[in-house]
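S.K.: There's a structure below that I have some questions on.
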Amino acid sequence: MPAEDFAPINSEWLEKAGNLWTTPFVDKPSERVIVDPILLSHAATLFKKTPKYFWENPDEAARMVCQACELYDITPVGHYLWADYWGLDYGAEIKIQETSPPAITKYPIKTPEDIDNFEVKSPEELKEGPTFREHFKALDTVLEEYPQMFAPITQLAGPMEVATNWAGIEDVFMWMITEPELIDKLVYKAADHMVNACKVTAEKYGANVMITGSVVASGDLLEREQIKRFSYKPECKAVKDVIKAGAGPGVYYHLCGNHTNSFDMWKNAPMTPFTVVQIGNDGKNVFPAGKLVEHFGDRCTCFGVVDTKLIDRGTPRQVYDQTAEQLQAGKDSPRGFIIGGSCECPTFAPPANVHAMVKAAKDYGKYEKF
């Protein structure tokens, strides 16, 4: 769908939504907490397009996301990204799938010897590579057609996530046990890559929002000391180096999955005034917003979560009630609060469930102290 096929965005809505979104960062009072369901391919379903179409057409994907933001009355920012970024730049092969994001089918690192010989791409090489070529199509579309909804994002996740886009997760986990020094080398190479990628975005747009965090390195898969060694420490180095290089200022820690045994270490991670921390689960339950605010509220903006399984399979009332509970516990966090899904909005989630989150924010998300 070209730009002319979409209705114009309502300027009054956009101004109001922009104020809601930026309140935590600019200390400008607004009405309520903003909702960010992390829309990606779900937006395509609203326009009768497939996830495959979404991932194959980054410019149109960006338009659909921006339009969906107005439809749902949520964070007005255009997104285009997926989990398995950066493999193509290093020789991986990917498969574009009909109903889910692209997935790597062949990895560039196959043996322990490959890790020693593996070289991180320079910013100049990454800039001309396949990942940024598609990523910039989306970002440039937002900048040109929806400039008030533009954020210069670099999608990275953490060093373990980048590492498992270079070598299969089974190999990485096996070497972590049999030859952990190899994985030390790999995750610090991943950290260097993260810095170089952020430099590219910052050079092109004058700023950068670094999406990082810990997805693979969660308590469901790793012990605390493994998370600290292979995820937390190299990630902290990467974030510090990004900030030193002037490739910030945005830092979004997306800690997906269960972080019961490791969430506290992230309290000391490097942060800027434009930092958001989101934690998915505390055991089998969503991470309590009150607990998030207690440990992180004095350092950053807290992103409270609603269970994505509930958004996908629950009733609107269930989604509404959990959103309301999280809002009441977290909305007056000292540096601001956002509410959204614990991860990407499920592709085929009922629109009524996304709407239920927004309705709860309007009913229970009004600022009282912040």
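The values are calculated or read from the model by the stated rules, or taken from the named source; none is laboratory data. Since this is a predicted model, take the numbers as computed values, not measurements. Positions of Cβ are generated from backbone atoms using ideal geometry, with glycine treated the same way; all protein chains shown enter the neighbour counts.
S.K.: Residues of the range 347-370 being out of contact with any Phe, Trp or Tyr (no Cβ under 7 Å at 6 or more places or on another chain), in contact (Cβ under 8 Å) with a residue 60 or more places away in the chain and buried (at least 19 other Cβ atoms within 10 Å of the Cβ), which ones?
M.R.: 349, 357, 361, 365 - these are the residues of the range 347-370 that are out of contact with any Phe, Trp or Tyr (no Cβ under 7 Å at 6 or more places or on another chain), in contact (Cβ under 8 Å) with a residue 60 or more places away in the chain and buried (at least 19 other Cβ atoms within 10 Å of the Cβ).
S.K.: Among the listed residues 44, 17, 61, identify the single one that is assigned to a helix (DSSP H, G or I), touching an Asp or Glu at 6+ places or on another chain (Cβ under 8 Å) and small (Gly, Ala, Ser).
M.R.: Values: 44 fails: touching an Asp or Glu at 6+ places or on another chain (Cβ under 8 Å); 61 fails: touching an Asp or Glu at 6+ places or on another chain (Cβ under 8 Å).
Matching residue, one of 44, 17, 61: 17.
S.K.: Follow-up. crowded, with 24+ Cβ neighbours inside 10 Å and either of a type in the set (Lys, Arg) or modelled with pLDDT of 95 or more (or both): which single residue out of 191, 157, 217 fits that description? Before the answer, list the steps.
M.R.: Working: 157 fails: either of a type in the set (Lys, Arg) or modelled with pLDDT of 95 or more (or both); 217 fails: either of a type in the set (Lys, Arg) or modelled with pLDDT of 95 or more (or both).
Criteria check complete, one pass: 191.
S.K.: Could you list, ordered by first residue, the pairs with Cβ atoms under 6 Å in which the first is in the range 30-56 and on the phi > 0 side of the Ramachandran plot and the second is aromatic (Phe, Trp, Tyr) and part of a loop (DSSP other than H, G, I, E, B), at least 6 apart or interchain?
M.R.: If the second residue must be aromatic (Phe, Trp, Tyr) and part of a loop (DSSP other than H, G, I, E, B), no pairs are left.
S.K.: Among what's in the range 94-116 and is over 23 Å from the mean Cα position of the chain (by Cα) and surrounded by fewer than 19 Cβ atoms within 10 Å (Cβ to Cβ), pick the residue that is nearest to residue 52 (Cα to Cα).
M.R.: Across the range 94-116, the extreme among qualifying residues is 106.
S.K.: Within the range 22-34, which residues are under 11 Å from residue 73 (Cβ atoms) and crowded, with 21+ Cβ neighbours inside 10 Å? It would help to see each step written out before you state the result.
M.R.: Step one: list which residues in the range 22-34 are under 11 Å from residue 73 (Cβ atoms), which gives 32, 34.
Within the range 22-34, just 34 meets the criteria.
S.K.: Does the range 50-72 hold any residues that are closer than 28 Å to residue 12 by Cβ and charged (D, E, K, R), and which are they? Let's see the steps before the verdict.
M.R.: So in the range 50-72, the residues closer than 28 Å to residue 12 by Cβ come out as 59-72.
Once the filter is applied, which keeps residues that are closer than 28 Å to residue 12 by Cβ and charged (D, E, K, R), the range 50-72 yields 59, 60, 63, 70.
Quick grid of which residues meet (1) within 13 Å of residue 158 (Cβ to Cβ); (2) touching a residue at least 12 places away in the same chain (Cβ under 8 Å); (3) touching a Cys at 6+ places or on another chain (Cβ under 9 Å); (4) not charged (D, E, K, R):
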| position | (1), (2), (3), (4) |
| --- | --- |
| 194 | yes, yes, no, yes |
| 202 | no, yes, no, yes |
| 208 | no, yes, yes, yes |
| 211 | yes, yes, no, yes |
| 233 | yes, no, no, no |
| 245 | no, yes, yes, yes |
| 249 | no, yes, no, yes |
| 262 | yes, yes, no, yes |
| 282 | no, yes, no, no |
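S.K.: Tell me which residues, restricted to the range 26-41, are of a type outside the set (A, V, I, L, M, F, W, C), in contact with a strand residue (DSSP E or B) (Cβ under 7 Å, 6 or more places away or on another chain) and either in a loop (DSSP other than H, G, I, E, B) or at pLDDT below 95 (or both). Steps first, answer last, please.
M.R.: Applying the first criterion (of a type outside the set (A, V, I, L, M, F, W, C)) to the range 26-41 yields 27-32, 36-37, 41.
So of that shortlist, the ones also in contact with a strand residue (DSSP E or B) (Cβ under 7 Å, 6 or more places away or on another chain) come out as 31-32, 36-37.
Answer for the range 26-41, where residues must be of a type outside the set (A, V, I, L, M, F, W, C), in contact with a strand residue (DSSP E or B) (Cβ under 7 Å, 6 or more places away or on another chain) and either in a loop (DSSP other than H, G, I, E, B) or at pLDDT below 95 (or both): 31, 37.
S.K.: Further question on the same structure: Residues in the range 272-279: is at least one assigned to a strand (DSSP E or B) and more than 21 Å from residue 207 (Cα to Cα)?
M.R.: First, the residues of the range 272-279 that are assigned to a strand (DSSP E or B): 275-279.
If we keep only those that are more than 21 Å from residue 207 (Cα to Cα) as well, we get 278-279.
Yes, because at least one residue in the range 272-279 is assigned to a strand (DSSP E or B) and more than 21 Å from residue 207 (Cα to Cα).
S.K.: Continuing with the same structure: Looking only at the range 65-79, filter to residues that are under 18 Å from the mean Cα position of the chain (by Cα) and part of a helix (DSSP H, G or I); which one of those is nearest to residue 350 (Cα to Cα)?
M.R.: Step one: filter the range 65-79 for residues under 18 Å from the mean Cα position of the chain (by Cα), giving 65-66, 68-69, 74-79.
Retained after the next criterion (residues that are part of a helix (DSSP H, G or I)): 65-66, 68-69.
Numbers: 65: 16, 66: 19, 68: 14, 69: 15 Å.
Across the range 65-79, the extreme among qualifying residues is 68.
S.K.: Continuing with this model, one more query. Within the range 322-341, identify whether any single residue is closer than 30 Å to residue 98 by Cα, of a type in the set (Gly, Ala, Ser), surrounded by 23 or more Cβ atoms within 10 Å (Cβ to Cβ) and in contact (Cβ under 8 Å) with a residue 60 or more places away in the chain, and answer yes or no.
M.R.: Yes, the range 322-341 contains a residue that is closer than 30 Å to residue 98 by Cα, of a type in the set (Gly, Ala, Ser), surrounded by 23 or more Cβ atoms within 10 Å (Cβ to Cβ) and in contact (Cβ under 8 Å) with a residue 60 or more places away in the chain.
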